[in-house]
Structures are given as structure tokens and as C-alpha cells.
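To start, the structure under review is shown below, and the notes come after it.
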Amino acid sequence: MALLVSSACKPASEARTSSPDKASARVVDDISVYRPTYPAEGANAPAAARVEPTNHANAKVAVLMDSVASVNKGIKYAQGYRILAYNGSERQTVMDLRKAIIARMPEEKDYLTYQQPNFRLKIGDYFTRMEAQQVLNRISDLIPNAHIVQEQINIPKN
């Protein structure tokens, strides 16, 4: 029995520990001999010349981009935002409000629609809500109840 126990245990000199404290010592095997090693780049590698591309697709790409541009020219509408300035049944009120808005901001396009019995006055064509909010802030003293609505807008031709 003593022979069996003595042959199964390693001597303390062969065990490697991660800390010098013998009470919490645990065996750590050195596995660095099994890790692959690679030569450093440029040390033993032959000096390779830079490979230049031989098949340029610039002409093909240009043709595709032209076709995409021609398709995009045909697009007239997009999803965007407008300011709903008025929604009510009084014609004179909506006309006065429209004149006041045009006087303050002549560059903005207005859309006046009538669906019986209501008039709707919408202002502008904005791609982002932030653009619409900036204009709404400029006219908020004229139209305190105006708000931004999501709608199909006209794409400007420029």
C-alpha cells in the first residue's frame, strides 16, 4: 500500500505553483511548448511587390450610376413632413392666415385644400422633422395651435 501511494504522488519540487503560499497552492502546467509560433512579418518573408488590379470596373460602374441617376430624376414625391397651420370651416380665417404666412415667409409653399366642410392649410415640404420644427418655431406666434404632420411631400426641382 505504501508503495502505491508513494508512486502516485509527485514530489513537491516537481509541482509548479502560481503563488508562493503553500496553503493555497495549485498546480499550473506550462502549455507554452504547445503553442504555435509564427515568423515575424518582414523578417524571413520575401519582399513581395504590390499587386495592382488588372480588371477595372470603372466603365461598368459609371453606366450603372447613370441609370440610377436617370431613375431618380423621375421621382417626384417622398415621405416627409408639413406644418398643419389650420383645420376648420371658416374660409375668411384661413385666407387671412394664409396671407400672413406668405407675408412672413414668401419662400415656403402653402397647400390649401377643401374637403367639405373643412379647410386645411399646410405649409412646406420638409424631409426631416427637425426642418419642419425650425419653421414652426418661426411662425408659432402667428399660429399657436399649428403642429407637424407626416405626409407625402413634393421633391423640389433643383
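What follows is calculated from the coordinates using simple rules that are stated; it is not laboratory data. In this text, all values refer to a predicted model and were calculated from it rather than measured experimentally. Using ideal geometry, Cβ is built from the backbone for each residue, glycine included, and neighbour counts are taken over all protein chains shown.
State, to one decimal in nm², a quarter of the convex hull surface area for the C-alpha atoms of the stretch 83-140, i.e. the direction-averaged projected area.
Orientation-averaged projected area of the Cα hull: 3.8 nm².
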In what sequence, highest mean first, do 101-110, 120-129 appear when ranked by Cβ atoms within 10 angstrom?
-> 120-129, 101-110
Put a dot 7 Å past each Cα toward the Cβ at Ser89 and Ala59; how far apart are the dots in nm?
-> 7.0
Given a Förster distance of 25 angstrom, what is the FRET efficiency for Gln79 paired with Leu112, based on the Cβ-Cβ distance and rounded to 0.05?
-> 0.70
Label-point separation, Arg26 to Lys157 (7 Å along Cα→Cβ), nm | 7.7
Kindly provide the Kirkwood hydrodynamic radius of the stretch 60-158 in Å, to one decimal, from all pairs of distinct alpha carbon atoms.
-> 15.0
